Amino acid sequence: MSRMMIAPANGSIGSTPSKDMVFDSNLDYMLILSERTDISDGSGVLEITHGLGYIPSFYHFESADGLTWYRPTYSGTGGAYADTNKIYINTYDPNIHVRTIIWANSQDNSDGGTKNNAFGNLLIAKDGYDVLEETDLRRFKFASSAGILKIKEKRTITVSGTGDGTFTNTYYHGLGYVPQVYVFVGGIQIPTFYSQGGGMALSYSFEVDSYKITCTVFTSLGEPTTSVDFNIQIMLDKIA
Amino acid sequence: MAKFKVLKNGFTDIDSTDISDFSIHSDYKCQKLALADSVTVVMDAFSGSASGVINHNLGYIPSFFCFVEYGGKGYETVGNANPILKLKAARFFDINASDNYIYSWDANGDQVDHNLVYGDTIKFKLNPSNTSLPSPLNESTTYYYKSDFSSTKFYISATLGGSTIDLRNGVGPESNYWAKTNNFEDLYDFYVDAVFDIYADDTKLNIQVTVSDLDGRVNFSQESFIVRAFFIMDEII
């Protein structure tokens, strides 16, 4: 089986671990099928038709002004979900900008075979599939018709404070556009909200615009000090 | 140094300085998948909780994308309490020890038909204000529906078709014990919220589902969820 590898500028094929390679055809990827921005109408649920016939993986960001973006938390039931025809995003307010990344990968990671959406001048099929015969992106490791998220950098931003309150820290990414960012605290994907009752709560959140990423901790737990490390992966791929 | 670039569909400038124009650019790492896997978690009818893990064994805490499949829908997960899914819950039971029967009531406190049939099982649970069940009942034993006292009240036995258990020598006031049965039936169109907590450590993804249990009185359907995760081949730190 042939293998295509691209080493980073400071690495080399054979010595650089797979996870640090630019690309390795032995691995699988999340293939971006489409990226779109929609505006909520205030009806409660924003419906995005994908028409794939299977439940795709997806990820979304929201913005009130189209400039500063965040990941929403939901206090009620539901949230954001997909079925075989649409993606449904609970957005009760009107004029909320919703950026949705729809991957060709189905949520169950099945190989499919019925779609005709793999094309381009560079195609790499998954093992066991003929690159000249297959047309369904789910059977490909790579197709130049689909994007792959590219990592600009990883960074830890520490948010600190004394007593109860809202504390922030900002990192200037310098891209000039709003990048996709994936943010974790420990192994938990941000945002989070913990309510401990009695008015005691703790939340972690973030916002990103074309210049900076701002991480926020709100605490009313009565702790003397707060120090939280936000682990941020900044992509070169755009939200806006 | 030679560069390897593949433009996204619709872009034509191979010299573009906007890296988001490219599917691959050899100056930047692509986000690679380490593995994709799933686990089915099933609600416990009596405890109102479910848990599971998906092992990745990467040795570091990876970035991940995670989804919860339920009812033909695939929910995006966020943070520590999403998604929140509505589950049907039904059946409240109390023990009337002095009159030797169990009775069924709804979420509004009204007695309703129990709808149990021969072969159905039932387990009992103390409420927080009691220290023991009426003799000879205990929390660890599964009992059986025996026969009707009325449409809302019934007797129980220790074995299928066995003799009626006599509760009248038991202690405790009536209406202060709770019970749950295998006979889940959506009698009351009554729902509770199931809340998902999902987080990764350096070997696995941990999933915990909890529901509001109304102090242990609610009987849950044994709903199952499929939690699916894509683990990225890159530590989050």
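The values are calculated or read from the model by the stated rules, or taken from the named source; none is laboratory data. Please read these numbers as outputs of a predicted model, since none were measured by experiment. Note: ideal-geometry Cβ built from the backbone for every residue, glycine included; neighbour counts use all protein chains shown. Please note that ligands, DNA and RNA were not included when accessible areas were found on the heavy atoms of the full protein model with its side chains. Shrake-Rupley method; radii C 1.70, N 1.55, O 1.52, S 1.80 Å.
Looking at B:N55, B:N96, which is the one that is more than 28 Å from A:G79 (Cβ to Cβ) and touching a residue at least 40 places away in the same chain (Cβ under 8 Å)? Checking each option against the conditions leaves just B:N96. Taking the stretch B:47-75 as the range and being surrounded by fewer than 20 Cβ atoms within 10 Å (Cβ to Cβ), in a loop (DSSP other than H, G, I, E, B) and away from chain A (no Cβ under 12 Å) as the test, the residues that pass are B:S47, B:N57.
When A:T49 is tested against (1) polar (S, T, N, Q); (2) more than 10 Å from chain B (Cβ to nearest Cβ); (3) open to solvent by 50 Å² or more (accessible area, probe 1.4 Å); (4) without any contact (Cβ under 8 Å) to a residue 24 or more places away in the chain, only condition (4) is not met. Go through the stretch A:136-154 residue by residue and tally those that are over 16 Å from the mean Cα position of the chain (by Cα), outside any loop (DSSP other than H, G, I, E, B) and at the interface with another protein chain (Cβ under 10 Å from one of its Cβ atoms). Selection size over the stretch A:136-154: 3.
All of A:I101, A:I96, A:I48, A:I39 fail the test of being within 16 Å of the chain's Cα centre (by Cα) and in a strand (DSSP E or B), apart from A:I101.
Quick check on the stretch A:155-176: of everything there that is within 14 Å of chain B (Cβ to nearest Cβ) and open to solvent by less than 30 Å² (accessible area, probe 1.4 Å), which residue is nearest to B:F231 (Cα to Cα)? Among them, the one singled out is A:I157.
Mind checking which residues of the stretch A:112-125 are more than 10 Å from every other protein chain (Cβ to nearest Cβ), more than 21 Å from A:D83 (Cα to Cα) and open to solvent by 30 Å² or more (accessible area, probe 1.4 Å)? A:L123 - this is the single residue of the stretch A:112-125 that is more than 10 Å from every other protein chain (Cβ to nearest Cβ), more than 21 Å from A:D83 (Cα to Cα) and open to solvent by 30 Å² or more (accessible area, probe 1.4 Å). Set side by side, the residues A:E35, A:E134 differ, and just one is open to solvent by 10 Å² or more (accessible area, probe 1.4 Å), at pLDDT below 95 and closer than 27 Å to B:C30 by Cα, which is A:E35. Only a single criterion out of (1) under 23 Å from A:N231 (Cβ atoms); (2) free of Cβ contacts under 8 Å to residues at least 60 places away in the same chain is not satisfied by A:G78, namely (1).
For the condition of a type in the set (A, V, I, L, M) and outside any loop (DSSP other than H, G, I, E, B), what is the one hit in B:I24, B:I14? None of the other options fit; the residue is B:I24.
If a residue must be over 30 Å from A:H97 (Cα atoms), part of a loop (DSSP other than H, G, I, E, B), within 10 Å of chain B (Cβ to nearest Cβ) and open to solvent by less than 50 Å² (accessible area, probe 1.4 Å), how many such residues does the stretch A:13-32 contain?
Narrowing the stretch A:13-32 to residues over 30 Å from A:H97 (Cα atoms): A:13-28.
Among the residues that remain, those that are also part of a loop (DSSP other than H, G, I, E, B) are: A:13-17, A:21-22, A:25-27.
Now narrow it down to the ones that are within 10 Å of chain B (Cβ to nearest Cβ): A:17, A:21-22, A:26-27.
When the remaining residues are screened for being open to solvent by less than 50 Å² (accessible area, probe 1.4 Å), the result is A:21-22, A:27.
Counting residues in the stretch A:13-32 that are over 30 Å from A:H97 (Cα atoms), part of a loop (DSSP other than H, G, I, E, B), within 10 Å of chain B (Cβ to nearest Cβ) and open to solvent by less than 50 Å² (accessible area, probe 1.4 Å) gives 3.
The set of residues from the stretch A:201-234 being over 23 Å from A:L67 (Cα atoms), away from chain B (no Cβ under 14 Å) and buried (at least 18 other Cβ atoms within 10 Å of the Cβ) comprises A:T219, A:T226. Checking each residue in the stretch B:185-234 for being open to solvent by 50 Å² or more (accessible area, probe 1.4 Å), at pLDDT 85 or above and facing chain A (nearest Cβ under 8 Å) picks out only B:Y199.
Going through (1) surrounded by fewer than 17 Cβ atoms within 10 Å (Cβ to Cβ); (2) modelled with pLDDT of 95 or more; (3) not basic (K, R) one by one, A:G198 falls short only on (2). Of the residues making up the stretch B:17-37, one or more are under 15 Å from B:K204 (Cβ atoms) and either open to solvent by less than 20 Å² (accessible area, probe 1.4 Å) or at the interface with chain A (Cβ under 7 Å from one of its Cβ atoms) (or both).
Can you pull out the residues in the stretch A:88-111 that are under 30 Å from A:D127 (Cα atoms) and more than 8 Å from chain B (Cβ to nearest Cβ)? Hits for the stretch A:88-111 are A:T100, A:I101, A:I102, A:W103, A:A104, A:S106, A:S110, A:D111. All of A:Q180, A:Q196 fail the test of being more than 8 Å from every other protein chain (Cβ to nearest Cβ), within 30 Å of B:T12 (Cβ to Cβ) and either in a strand (DSSP E or B) or of a type outside the set (K, R) (or both), apart from A:Q180.
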